[in-house]
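The structure appears below as structure tokens.
The values are calculated or read from the model by the stated rules, or taken from the named source; none is laboratory data. Here the structure is a predicted model, which is why all the values come from computation and not from measurement. So basically every Cβ, Gly included, is an ideal-geometry build from the backbone, and we count neighbours across all protein chains shown. The area values use the complete protein model at the heavy-atom level, side chains included, leaving out ligands, DNA and RNA. Shrake-Rupley method; radii C 1.70, N 1.55, O 1.52, S 1.80 Å.
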Amino acid sequence: MILHFNNSDNNRLIIAALLIFILFYFVSFSITGPAYLSDEIGYLTKAIYISGNGGDFASSWHAGYSILISPVFYFLNDFNDIWTAIKIINISLFVASFIFMYFTLVRVFPKKDKGVLLLGAIIGMIYPSWMVMSSYAFVTPFLLFMYTALVYSFLSIEKSTYNVVICSILSSYAYWIHPTGIVVSLSCFLTLALFSFTTRRWSIIVIYSIILFFCIFCYCFIVKDSINSGMASEFYTSRQHYSEINILEHIFSEKSWRNFWLVFLGVSVSSVISSLGLTFFAFTNWIAPKIYSLWVNKDKSKCFSVVDLIPLFLTFVFLFSVLIQCVYTLTLQELRFDWFVYGRYLEPFSILLIPIGIITVWNKSSAKWLPCFFSFVIIFYIVFLDVNDVLDVINVVNIPSLWVRLFDFSVIPSFNFIPIDGIKVKFIAWFLCGCIVILFVYLSGKKVFIFSYLLSIVFCVINSNEYHKLILQEYSNPYKIDEFFNANFKEDKCVVFDIDKYRNVKEERYNLLSYYLFKYDYYIAPFSYWDENCDGVFITQNSQKYNNFKNVKPIIKNKHDGLTVFVKSNNHFEYNTSMLSNEDYFIKGFGEDVCFNYDCFFLSVKELSRYRQVGTIVGSSLVSNNEQGYLFFGPYLPIHEGYYGGLLDIKGDSFDNVILDIVGDKGRYTVFRKSIGELMQIGDKKGFKFHVNYKLEDFEVRLWVGDKSNVKIKSLNIKSLNH
């Protein structure tokens with residue numbers, strides 16, 4: 001498979017490829033790591049395992065993309081560099097897909113001006129999905145590359161057996177990348193079978209079938225099992241996302257078939273809306289007439305060329321990719337809203353329809369079919385959509401190119417005199433809005449159409465990127481746990497993530513940490529296993545279970561989801577927490593003074609001195625300086641109703657007019673107030689107990705000193721007595 005560059009077009013193509021690379025990199029620049037998504041982490045952890053760094057997260061995600069990016073984890077250590085490398089790989093795959101797409105168009109439309117074909121390829125490549133997916137560790141870039149390379153090699157099958165071999169390897173590897181890749185293999189098989197039948201060149205389909213079967217067999221029974229068995233945990237079975245579906249069990253179910261057709265029509269329409277009608281126009285203006293021409297000439301002596309069969313091939317790919325999503329829904333009792341318009345696994349297989357739609361779009365006679373198509377779909381949804389089976393949930397990751405999602409259709413009222421309720425209104429509004437806008441810009445001419453298409457791309461990319469950033473901020477790695485581990489623990493240190501006696505685990509958080517801690521001996525196990533076999537770190541999101549264990553100490557706890565890092569008492573020392581933000585972590589203290597419940601505060605001198613009116617820091621103590629005022633106050637943290645005990649590490653020659661009080665509600669509610677002399681003596685510290693009547697959002701402890709006081713404070717420790 002060789003790409004032939006014509007010198008006259010070489011410069012334009014290279015410039016376009018460079019501009020696409022720069023644009024994609026600019027769009028993905030602000031995304032600095034993986035999201036809180038099981039499939040993304042599944043691909044990353046497989047790549048980590050393949051790179052030789054171990055792993056303990058076996059999953060059913062396919063390994064084709066992981067194999068491609070695995071060298072990144074072998075050669076790089078810094079996560080900024082790793083993620084930049086993954087984005088560059090993704091963008092390079094998209095640019096290569098653009099080049100294959102352009103040369104495919106040149107072969108399919110030999111009489112068209114190459115400037116028009118280049119414009120079509122550019123518009124097809126700046127489709128929102130590709131820009132959005134460049135900053136995820138998803139299979140989309142590689143699947144797109146394999147598909148465009150396959151189509152180009154398919155066009156050269158007549159020339160030599162070498163091209164048949166290339167075509168079969170590419171189509172089988174698409175399945176290695178993702179299960180939906182099987183639609184490429186099947187479509188190619190059917191099209192080549194027809195070609196071999198009409199030309200009597202049986203060797204083509206035989207060679208293709210043998211290599212295809214062998215490669216898929218190798219993945220299913222050798223590669224997949226080898227990787228998953230190597231990653232499988234002793235305590236946790238591998239995650240099976242792709243469940244087996246027995247179609248025969250559902251073939252006579254009315255509900256299953258209703259869901260099937262609802263998803264089939266919904267996904268098909270979403271492709272039309274997302275592309276501003278281009279996929280629809282590609283079918284009506286070019287593919288359908290070409291297939292009709294094949295049918296008319298089927299009994300004539302003329303043999304079909306592979307170029308003649310491309311429309312049939314594209315149709316097979318599109319239909320099978322929609323069907324595979326429909327089959328998945330057969331076993332589901334409830335459908336998520338976004339599954340009706342799911343585009344992420346259809347769009348890679350409709351990429352060539354977009355430039356074809358651009359090239360052939362201004363055949364105005366096809367416009368009459370668009371309202372007919374949408375009217376049929378709307379009526380079907382009104383009649384058959386059962387809203388009781390629909391979850392009103394939308395994951396924007398699954399519909400990165402559906403510009404119509406930007407509108408809030410929830411404000412549209414439901415009318416009592418027609419059988420349409422809220423969710424039906426939303427579906428119908430989406431489809432109706434899509435149809436009206438597409439017709440308007442289509443009938444307004446080329447300039448309005450292209451301007452509207454580019455505008456929709458901008459809105460989609462901005463919206464999807466904002467959603468992606470929100471995932472990163474809320475769920476991913478805002479607290480820099482990788483930097484904390486790198487600063488405090490050697491790379492070969494064992495790290496255990498908590499799994500309870502029922503073998504449950506906070507899967508998404510464990511998965512994400514398996515990426516950030518891939519250099520460590522990281523795996524899932526119960527606390528007892530860690531206690532007996534591991535001299536390293538224990539991570540849990542249920543810290544209260546282990547706070548009272550004498551042989552372990554917590555060191556940091558995330559405020560967002562309670563993720564807590566424990567170490568054994570004999571390994572406890574002063575840890576470097578300079579990279580952690582107090583907005584993200586509770587950082588309590590060390591040794592016997594460690595305090596780590598939610599309603600628990602350990603305030604060192606550094607934290608006590610954050611709010612003060614008088615006093616100075618001398619070494620590790622906060623010392624009064626013969627001035628009257630508050631030596632410390634704060635920390636203005638939330639605290640629940642209940643009983644508490646406190647220890648104040650205070651020493652001094654004179655406690656004259658030294659008063660400790662606890663307040664809340666901006667000082668209006670007094671919880672506790674006593675002079676230092678009234679407090680209990682516990683060892684070399686002063687102890688006290690108090691009760692909070694209701695939850696406070698701004699819990700504050702204050703120590704008042706007089707101008708004759710002479711005291712020295714080292715720490716304040718408050719613990720809940722409710723457990």
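Model label sites at Arg336 and Glu697, defined 7 Å from Cα along the beta-carbon direction, differ in position by 3.2 nm. Just the protein heavy atoms count here, and of the accessible area of the chain at 1.4 Å, carbon and sulfur take up 59 percent. Between Leu18 and Gln473, the FRET efficiency estimated from the beta carbon spacing at R0 = 30 angstrom works out to 0.40. Modelled spin labels at His560 and Asn80, positioned 7 Å past Cα toward Cβ, are 1.9 nm from each other. If you plug the beta carbon distance of Leu454 and Val327 into 1/(1 + (r/R0)^6) with R0 = 35 Å, you get a FRET efficiency near 0.50. The longest stretch of the chain left intact once loop-based GluC sites (Glu not before Pro) with at most 15 other Cβ atoms within 10 Å are removed from consideration, loops following DSSP, is 1-157.
Net length available on complete extension from Ser578 to Thr670 is 29.7 nm, with 0.36 nm assigned per residue and the Cα-Cα distance removed. Against the criterion of solvent-accessible heavy-atom surface with a 1.4 angstrom probe, Thr540, Thr32, Thr315 sort, most first, into Thr32, Thr315, Thr540. Answer with a single label: of (i) 52; (ii) 41; (iii) 37, which was calculated as percent of Cα pairs over 43 Å apart from the structure in view? Comparing each candidate, only (ii) matches the computed number. Quote the accessible area belonging to Arg673 in square angstrom, nearest 10, computed with a 1.4 Å probe and with ligands, DNA and RNA left uncounted. Result for Arg673: roughly 150 Å² accessible. Selection among Asn53, Thr161, Leu186 by position relative to the dipole of the chain gives Thr161 as farthest towards the positive end (Cβ unit charges, Cα centre).
Site pair Lys545 and Ser209 shows an inter-label distance of 5.5 nm when each label is modelled 7 Å from Cα along Cα→Cβ. Here the chain is assigned +1 on the Cβ of each Lys and Arg and -1 on the Cβ of each Asp and Glu. Its dipole about the Cα centre then comes out at about 1960 debye.
Below 8 Å between Cα atoms, with a sequence gap of 6+, how large is the relative contact order for the chain in percent? Show your work: numbers first, answer last.
Numbers: 1197 pairs, mean separation 80.7, N = 723.
RCO, the chain: 11 percent.
Shown is the FRET efficiency for Ser528 and Lys490, computed with R0 = 35 Å from the Cβ-Cβ distance and rounded to the nearest 0.05: 0.90.
Here's the picture: a label point sits 7 Å out from the Cα of Lys159 along the beta-carbon direction, and within the range 98-124 the residues with their amide nitrogen under 16 Å of it are 100-110. What is the angle, in °, between the Cα long axis of helix 182-199 and the longest principal axis of the Cα atoms in the chain? Nearest 10 is fine, range 0 to 90. With rounding to tens, the tilt is 10 degrees. Computed from the Cα positions only, the extents of the range 439-541 along the three principal axes stand at 73, 34, 18 Å, in decreasing order.
Set the bar at 31 Å for Cα to Cα. Now go through Lys114/Lys469; Lys114/Lys159; Lys519/Lys714 and name every pair that lies beyond it. If you can, show how the numbers build up before the last one.
Working: Lys114/Lys469 39 Å; Lys114/Lys159 24 Å; Lys519/Lys714 38 Å.
Among Lys114/Lys469; Lys114/Lys159; Lys519/Lys714, the Cα-Cα distance tops 31 Å for Lys114/Lys469; Lys519/Lys714.
For Lys666, Lys469, the ranking by accessible surface with the largest value first comes to Lys666, Lys469, using a 1.4 Å probe.
What the chain shows is 43 Å² of accessible area per residue, with the surface traced by a 1.4 Å probe over protein heavy atoms.
Quick one: order Asp500, Asp56, Asp78 from most to least accessible surface, probe 1.4 Å. Provide the component values of the computation, followed by the final result.
On the way: Asp500 50, Asp56 20, Asp78 75 Å².
Result of the area sort, largest leading: Asp78, Asp500, Asp56.
The heavy atoms of Ser59 offer some 0 square angstrom of accessible surface to a 1.4 angstrom probe.
Give the residue list of chymotrypsin sites (Phe, Trp or Tyr not before Pro) in the range 311-382 that are DSSP loop and have at most 16 other beta-carbon atoms within 10 angstrom.
On the way: sites: Phe313, Phe316, Phe318, Phe320, Tyr328, Phe337, Trp339, Phe340, Tyr342, Tyr345, Phe349, Trp362, Trp369, Phe373, Phe374, Phe376, Phe380, Tyr381; in loops: Tyr342, Tyr345, Trp362.
Here the sparse-neighbourhood loop sites are Trp362.
Given the peptides 109-116, 440-447, arrange them by the average over their residues of other C-beta atoms within 10 Å, most packed first.
Listed from highest to lowest mean packing, they are 440-447, 109-116.
Stretched out straight at 0.36 nm per residue, the stretch from Asp113 to Asn657 would grow longer than its current Cα-Cα span by 186.6 nm.
Quick check on the chain: helices-only [θ] at 222 nm, where DSSP H runs of length 4 and up contribute -39,500 (n - 2.57) each and the sum goes over total residues. Nearest 500, please. Walk me through the intermediate numbers first.
Details: 23 runs with 331 residues, N = 723.
Here the helix-only value at 222 nm equals -15000 deg cm²/dmol.
Directionally averaged projected area (the range 1-149, Cα convex hull): 9.7 nm².
Take every Cα pair under 8 Å whose residues are at least 6 apart in sequence, average their separation, divide by the length of the range 634-723, and the relative contact order is 51 percent.
Distance check, please: which entries in Lys568/Lys686; Lys490/Lys606; Lys87/Lys493; Lys112/Lys290; Lys666/Lys686; Lys686/Lys712 exceed 19 angstrom between their Cα atoms?
Details: Lys568/Lys686 28 Å; Lys490/Lys606 28 Å; Lys87/Lys493 29 Å; Lys112/Lys290 16 Å; Lys666/Lys686 26 Å; Lys686/Lys712 13 Å.
In this structure, Lys568/Lys686; Lys490/Lys606; Lys87/Lys493; Lys666/Lys686 exceed 19 Å between Cα atoms.
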